[in-house]
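Below: one structure, written as structure tokens.
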Amino acid sequence: MNEVTKSLFKKYRKPEDYLAVPAEELEEDIRSTGFFRAKTKSIRGICEALSRDYSGRIPETMEEMLKLPGVGRKTANVVLGTAFGLVTGVVVDTHVKRLAFRMGLTKETDPEKVERALMELLPQDIWIDYSHVIIWHGRRICNARKPKCLECPVEDICPREGVTTSA
């Protein structure tokens with residue numbers, strides 16, 4: 001997704017740019033992300049709403065973000081935290097969810113419940129950075145199938161919930 005957004009943001013500068021091209025062209029631009037047809041529909045829906053309701057600007061509250069088509073708490077937290085520096089919650093993607101369980105921080109499996117559990121455990125001033133660090137850690141060290149426990153900087157305190165092998 002990170003690689004795709006680099007080229008997208010060069011090609012499309014404002015919401016109207018996404019609406020000006022045929023849906024099939026946008027689908028091709030994001031095909032490698034998977035679920036490209038559904039994502040194209042959401043992107044175009046978001047751009048229509050931004051143009052119609054927000055003068056082309058991204059809203060800066062959780063409540064307004066959640067009104068946009070296809071936007072849930074994860075996306076809203078990413079945008080509000082990363083783009084605006086607004087601390088509204090903890091981003092819970094597949095990595096954060098998996099590692100929160102694996103590290104014994106929660107037994108929850110629903111992303112919103114995982115988010116609430118993390119918000120109760122973590123100081124609010126680290127919520128934005130925490131997600132970035134844990135996502136990086138989940139991709140590079142503590143991956144799903146073959147975690148590199150011997151390379152892990154928190155190996156000595158990690159309970160390894162659900163880990164059957166350690167490389």
Condition check for residue 98: in contact with a helix residue (DSSP H, G or I) (Cβ under 8 Å, 6 or more places away or on another chain), under 20 Å from residue 135 (Cβ atoms), touching a residue at least 12 places away in the same chain (Cβ under 8 Å) and assigned by TED's automatic domain parsing to the domain that holds residue 135:
yes
All conditions in (1) under 18 Å from the mean Cα position of the chain (by Cα); (2) in contact (Cβ under 8 Å) with a residue 40 or more places away in the chain; (3) surrounded by 15 or more Cβ atoms within 10 Å (Cβ to Cβ) are true of residue 103 except (1)
Count, please, the residues in the stretch 133-153 that happen to be loosely packed, with under 15 Cβ neighbours inside 10 Å and in contact (Cβ under 8 Å) with a residue 24 or more places away in the chain.
2
Would the stretch 21-29 turn up any residue that is in contact (Cβ under 8 Å) with a residue 24 or more places away in the chain, outside the structural domain of residue 95 (by TED's automatic domain parsing), out of contact with any helix residue (DSSP H, G or I) (no Cβ under 8 Å at 6 or more places or on another chain) and at negative phi?
no
If we scan the stretch 110-128, do we find a residue that is modelled with pLDDT under 95 and assigned by TED's automatic domain parsing to the domain that holds residue 153?
no
Where the second residue is of a type in the set (D, E, K, R) and the first is in contact (Cβ under 8 Å) with a residue 24 or more places away in the chain and lies in the stretch 33-48, which pairs have Cβ atoms under 9 Å and are six or more apart or on separate chains?
33/39; 39/27; 47/14; 47/16; 47/17
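The values are calculated or read from the model by the stated rules, or taken from the named source; none is laboratory data. Note that the structure is a prediction, hence the values are computed from the model and not measured. No Cβ is skipped: glycine too gets one built from the backbone with ideal geometry, and neighbour counts run over all protein chains shown.
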